[in-house]
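Peer 1: One structure follows; several queries about it will come next.
All of the numbers you see were taken from the coordinates with simple rules; none came from a lab. Not measured: the values here are computed from a predicted model.
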Amino acid sequence: MSYQNGESMKPANERVKNCLDSFGIAFEIRILSAAVRTARLAADALGCEVGQIANSLIFRVNDSQQAVLIMCAGDRRVDLPKVTRRTGIDLGKADAEFVRQQTGFAIGGVPPVAHARPLRCLLDASLQRHDRVWAAAGTPESVFCMTPGELQKITGGDWLDLVE
């Protein structure tokens with residue numbers, strides 16, 4: 001584990017760590033000195049490209065009120081009509097309360113794993129252009145790094161072209 005300023009992990013980070021440990025892949029959760037609520041801020045803090053930030057975006061299925069997680073590169077925007085054409089799922093925006101209820105995490109810190117409820121995950125293929133990607137680790141100031149293959153393994157997500 002990596003800590004900055006003597007800080008220890010929060011319960012949300014522990015949930016993510018325990019879930020990641022169950023996959024048998026060595027992950028390091030990095031606690032940053034400040035919250036990084038945008039892909040640009042995260043990339044600046046980590047010294048990486050914005051596209052290496054794997055945003056965890058929660059959407060609401062319009063006809064069932066279930067949540068879907070879309071992992072998308074930080075330099076891309078999800079195209080919801082394209083998602084519907086590729087998957088048959090009609091998605092709408094999710095508010096902060098819905099995100100917390102479905103995932104157990106606040107917007108800005110939603111990780112790709114350890115959610116309160118099982119979520120369908122879709123992975124945007126643009127993430128595959130990078131050897132390593134970074135995702136939130138349960139809080140807005142925590143992240144962890146992995147390969148796109150590891151991201152697919154831990155989420156069980158399907159790779160699709162989902163961006164504008």
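Peer 1: Tell me what the chain gives for mean residue ellipticity at 222 nm when only DSSP H runs of n ≥ 4 count, each as -39,500 (n - 2.57), the sum divided by the residue total, rounded to 500 deg cm²/dmol.
Peer 2: The helix-only estimate for the chain comes to -7500 deg cm²/dmol at 222 nm.
Peer 1: When the Karplus curve 6.51 cos²θ - 1.76 cosθ + 1.60 is applied with θ = phi - 60°, which whole-Hz ³J(HN,Hα) does each residue of the range 94-107 get, with x for Gly and Pro?
Peer 2: 3J(HN,Hα) across the range 94-107, in whole Hz: 10, 7, 4, 5, 4, 4, 5, 5, 7, 10, x, 10, 7, 3.
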